[in-house]
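Participant: Next up is a structure, given as structure tokens.
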Amino acid sequence: MQYVTQSPESFYGTPQGRVCATLVGERMRWLWPDLHGLHVAGMGWAGPCLAQLDEGGGQYVAINGWPTTTRLAARAGRLYGVPACEAEITATPFRTGAFDRVVMVHALRGRDNPLPALREAARIMREDGRLLLAVPSRLLGCSRLHGTAFAQDRAFTRRAVRRVLAAAMLRAERWDELLFMPAWLACRSVSGGRRMDVAGKVLCPGAGGVLLVEAVHDLYSARPLPVTGLRRWLARAVMPQPGAARRM
């Protein structure tokens, strides 16, 4: 049964949302199997996924980028069983290098420029820390994710993810993907979603609806994002070509 696109807060309160959070959390645990003794921050709306990571034995805090409006807010400082706070994710109240791991889920939602959020994640992450970013795939990802909270997130290709991470002085190291089938079908049950993802990775690798990318600090990868629509004559004016003065 199909359902309408919802906000993260309402979506993860539905049966389909809980299945989706379980599937995402399982892939995150595959990338990070042991978090014992580590400090982990979730940015955006990462509480449901942090709850799935809780088996790793880490210390968690969810940094929600917008106020909660339902009865979840009545639970003093906790969402989905995880300690939580509300703060602008481009200016969090944590010191530099406070966390060993940072998870970003729905953190780039509604942001024309993703760099401030990514740079803030890099700031609060230790020098040897790791970032895990979950974003929709631009390869028909949003159409397959219709009805989920991911459908309104900013979609990326792998190349675009590498480029925006490099601009934030981060480097992608490992990739994973999930939700190869339409979400209304894949999120019916956890076991069914697992089988569909295994089949998808075998039959059509690279076509997952959600991309998971693990990134690390890389000070030497910093580069400006390309300016779209820059005309060739303007490029020559900004950066004169050899011999241009003689021709004039």
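Since every read-out is calculated from the coordinates, none of them should be taken as a lab result. Predicted model, so just to flag it, every value in this text is computed and none were measured. Glycine gets a Cβ as well: all are built from the backbone with ideal geometry, and neighbour counts include every protein chain shown.
Participant: Go ahead and run the numbers for FRET between ARG138 and THR96, Cβ-Cβ distance against an R0 of 41 Å, rounding to 0.05.
Facilitator: Computed FRET efficiency for ARG138 and THR96 comes out at 0.80.
Participant: So, one more: On full extension of the chain, what length is gained from LEU31 through LEU219, given 0.36 nm per residue of separation minus the C-alpha to C-alpha distance?
Facilitator: The LEU31-LEU219 span can extend by a further 65.4 nm.
Participant: What FRET efficiency, computed as 1/(1 + (r/R0)^6) with R0 = 30 Å and r the Cβ-Cβ distance, is obtained for ARG123 and ALA207, rounded to the nearest 0.05?
Facilitator: After rounding, the FRET efficiency stands at 0.35.
Participant: Under a point spin-label approximation (7 Å from Cα along Cα-to-Cβ), what is the SER191-ASP112 distance to one decimal in nm?
Facilitator: If labels sit at SER191 and ASP112, their model points lie 4.9 nm apart.
Participant: Measuring from label point to label point, each 7 Å out along Cα→Cβ, what is the ARG158 to VAL198 span in nm?
Facilitator: Result: 2.3 nm between the two label points.
Participant: May I ask for the distance between the Cα centers of region 74-123 and region 156-174, given as a whole number of Å?
Facilitator: The distance from the Cα centre of region 74-123 to that of region 156-174 comes to 18 Å.
Participant: Rank-order 37-43, 183-189 by packing density, defined as the average count of other C-beta atoms within 10 Å over each peptide's residues, highest first.
Facilitator: Top to bottom by mean Cβ count within 10 Å: 37-43, 183-189.
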